[in-house]
1. Using 0.36 nm per residue, how much length does the chain from residue 161 to residue 312 gain when fully extended, once their Cα-Cα distance is taken away?
2. Taking a quarter of the surface of the Cα convex hull of the chain, what do you get in nm²?
3. GluC sites (Glu not before Pro), restricted to region 118-175: which are DSSP loop and have at most 16 other Cβ atoms within 10 Å?
4. Classify region 28-127 as rounded, prolate or oblate from the Cα gyration tensor: take a ≥ b ≥ c as the square roots of its eigenvalues, call it rounded if a/c is under 1.5, otherwise prolate when a/b beats b/c and oblate if not.
5. Does region 155-285 classify as rounded, prolate or oblate by the C-alpha gyration tensor (a ≥ b ≥ c root eigenvalues; a/c under 1.5 gives rounded; else a/b over b/c gives prolate, otherwise oblate)?
6. Which of the listed residues, 113, 51, 224, is farthest toward the dipole's positive end in the chain, when Lys, Arg count +1 and Asp, Glu count -1 at the beta-carbon?
7. Can you pull the one-decimal nm distance between simple spin-label points at residue 68 and residue 221, each 7 Å off the Cα toward Cβ?
8. Along Cα→Cβ, 7 Å out, is where each label goes; now give me the distance between the ones at residue 127 and residue 239 in nm to one decimal.
Amino acid sequence: MSRARTFWAPGRVNLIGEHTDYSGGLVLPVALDLGITLRVTGIGGPSRVTSPDGDAQRYADAVAAELAARGVSVPHLEATVSSNLPIGAGLSSSAALGIAVAYALTTLSCHPLGALELAEVVQLAERRATGVPCGIMDQAASILGQPGHAVLLDTGSLEWELVRLPADHAIVVVDSGVRHSLEHSAYATRRAELERGLEGASDPVARRRVRHVRSENERVREVVDLLRSTPLDTRRLGEIFRQAHESLRVDFEVSTPALDELVDLAYGLGASAARMTGAGFGGSIVALVPVERAPRFTTEIVGAYSGAGKARVATAAGGVCEL
Ligand code: GLA
């Protein structure tokens, strides 16, 4: 390679449709203006992908192995990773890393893949690297995102469309500061419990997991309808996000006291809608806040929260690209 080439992939925040992407349900994520930068300085030698936390090599190897398993022969990368995504905050830093690597590898080897095929490669690579049986939402968002839009993805048919975000609302992400690692969480257990329920088990746990997913899919549909109608019915939007949070807390049991506190604070401080986002067990909440309130909201929620939180206004960005 005569010159370094740089690739970028965004993290994501999910507006609604949580724990639905491994049973063919609906999701509505937004790609963020925060992400992973991969600077490739060489190809052909031994693979060496370095990152501040030292984890990138494992993901890069898993992506290369997954591409090889599909018959795509890719070069070894010599690259460095930098990131402005908080790690473990539930904003999909690992999916963004995987997408950046997969996009770089397929671009440099002149073997481009379709968006959802690329997403699937990275989803499987993440399972290979971490053992977490994740769905396809995070990877798809990191590819399909568009400025000013959320991505409505049907994870069953893999059909997707863009949904314009309301211009008069800011997306605020509040990190609870409670770190989670999906590998050590109950993610796989939740998935197994849901699958048991979908196969007809009628014990209370399985029934509650299924009830969450069925009601959540309905909520995604209703939120998309609301976002597409003017004026935006903020009262109804707030109710649905509240119900979504309660369903994750009570029926899916993935919220935490810190996330519950932040959601209550968000409504009290003028958010139109708020709920936990991502896998749960820690991480962040997402809030839709009237634009003019957003700067004060970010300061006030951090001040009122009993933990060490961070709030930022997020901008919906485009998907993976070469810079
Ligand atoms: C994690 C997984 C996703 C999805 C969410 C929960 O982010 O990687 O596939 O299951 O949790 O909605």
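1. Difference between extended and current length: 51.7 nm.
2. 15.8
3. Details: sites: 120, 126, 159, 161; in loops: 159.
The qualifying sites are 159.
4. Numbers: a/c = 1.76, a/b = 1.21, b/c = 1.45.
Oblate.
5. The shape class here is oblate.
6. The Cα lying farthest towards the positive end belongs to 51.
7. Going from the residue 68 label point to the residue 221 one covers 4.5 nm.
8. 3.9
The numbers here are math on the coordinates, done by the rules we state, and not lab data. The model shown is predicted, which means the values in this text are computed figures rather than measured ones. Quick reminder, even Gly has a Cβ in these numbers, built from the backbone with ideal geometry, and neighbours come from all protein chains shown.
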